[in-house]
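Presented below is the structure to which this report refers.
The values are calculated or read from the model by the stated rules, or taken from the named source; none is laboratory data. Owing to the predicted nature of the structure, the values given are computational and were not obtained by experimental measurement. Cβ coordinates were reconstructed from backbone atoms using ideal geometry, including for glycine residues, and neighbour counts include every protein chain displayed. We work out accessible area using only protein heavy atoms, side chains counted, and drop any ligands, DNA or RNA first. Shrake-Rupley method; radii C 1.70, N 1.55, O 1.52, S 1.80 Å.
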Amino acid sequence: MIKNHPVAKAYLGSDDDKQFRRSKLYLKMRDRIRDVEKLAGFGISYGNLMELAGDEAALALYNIFDLKVVFISAVSPEKVYKSRLFATRQKLEERKLGDQVYWAVSDEHGTALAFAVTGKWLVLSNDLERFEHSLGLLTGQRKGGSLADSSKFKSALPEAFAPGDLTGRSA
């Protein structure tokens with residue numbers, strides 16, 4: 001788990017962590033998360049995210065100031081179906097991207113929540129455009145645009161980087 005990683009343990013509670021928690025960026029992120037929590041009807045905590053995290057998971061942050069994110073996790077559909085997130089689908093609008101069903105809601109301020117289960121993948125986002133793009137890539141309804149296919153992204157990774165490694169440093 002991330003909280004047990006040596007880098008996280010060293011950071012949490014440090015002077016840098018305390019300073020960050022007083023920053024405008026942190027306060028804005030906190031407010032954005034609260035807006036999404038209102039739509040979801042439950043808190044978006046570390047524990048709730050871990051409930052949905054499988055053996056493989058990725059969080060893409062697209063706009064740090066607006067906190068636009070897409071979370072994708074390899075998780076059994078049964079685990080998702082038992083989650084608090086899945087229970088919220090009754091409050092959301094059922095939509096389709098091609099043949100793929102997903103659930104979404106947005107408010108008058110532009111806050112959004114969307115999720116889908118496709119095969120072993122859960123896709124969750126607070127940005128409908130990026131959600132549909134990611135879902136389309138996973139279902140094969142859209143081609144290209146994948147970060148994994150980007151030569152610039154691949155060249156930016158440290159040689160010692162391994163999937164799941166937070167630092168890119170060798171042990």
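Just a few scattered comments:
- Virtual spin-label span in nm between residue 48 and residue 19, 7 Å along Cα→Cβ: 3.1
- Full extension of the chain between residue 26 and residue 101 gives 23.6 nm of extra length, using 0.36 nm per residue less the Cα-Cα distance.
- In this structure the chain gives 65 Å² per residue of accessible area when probed at 1.4 Å with all protein chains present.
- Taking each of 24/152; 18/79; 82/143; 18/91; 68/152; 91/120 in turn, the alpha-carbon distance tops 27 angstrom for 24/152; 18/79; 82/143; 18/91.
- Ordering 103, 135, 61 by Cα displacement along the dipole of the chain toward the positive end leaves 61 in first place; charges were set at the Cβ atoms of Lys, Arg (+1) and Asp, Glu (-1).
- At most 12 other Cβ within 10 Å, DSSP loop - trypsin sites (Lys or Arg not before Pro), segment 86-143: 143
- The helix-based estimate of mean residue ellipticity at 222 nm for the chain, built from -39,500 (n - 2.57) per DSSP H run of four or more residues and divided by its residue count, is -10000 deg cm²/dmol to the nearest 500.
- Across all Cα atoms of segment 1-140, the radius of gyration (one decimal) and Dmax (whole number) stand at 15.6, 50 Å.
- Relative contact order of the chain, defined on C-alpha pairs under 8 angstrom at six or more residues apart (%): 15
- Carbon-plus-sulfur accessible fraction, segment 1-100 (probe radius 1.4 Å, protein heavy atoms only): 54%.
- Of the peptides 14-20, 56-62, 82-88, the order by per-residue mean of other Cβ atoms within 10 Å, starting with the highest, comes out as 82-88, 56-62, 14-20.
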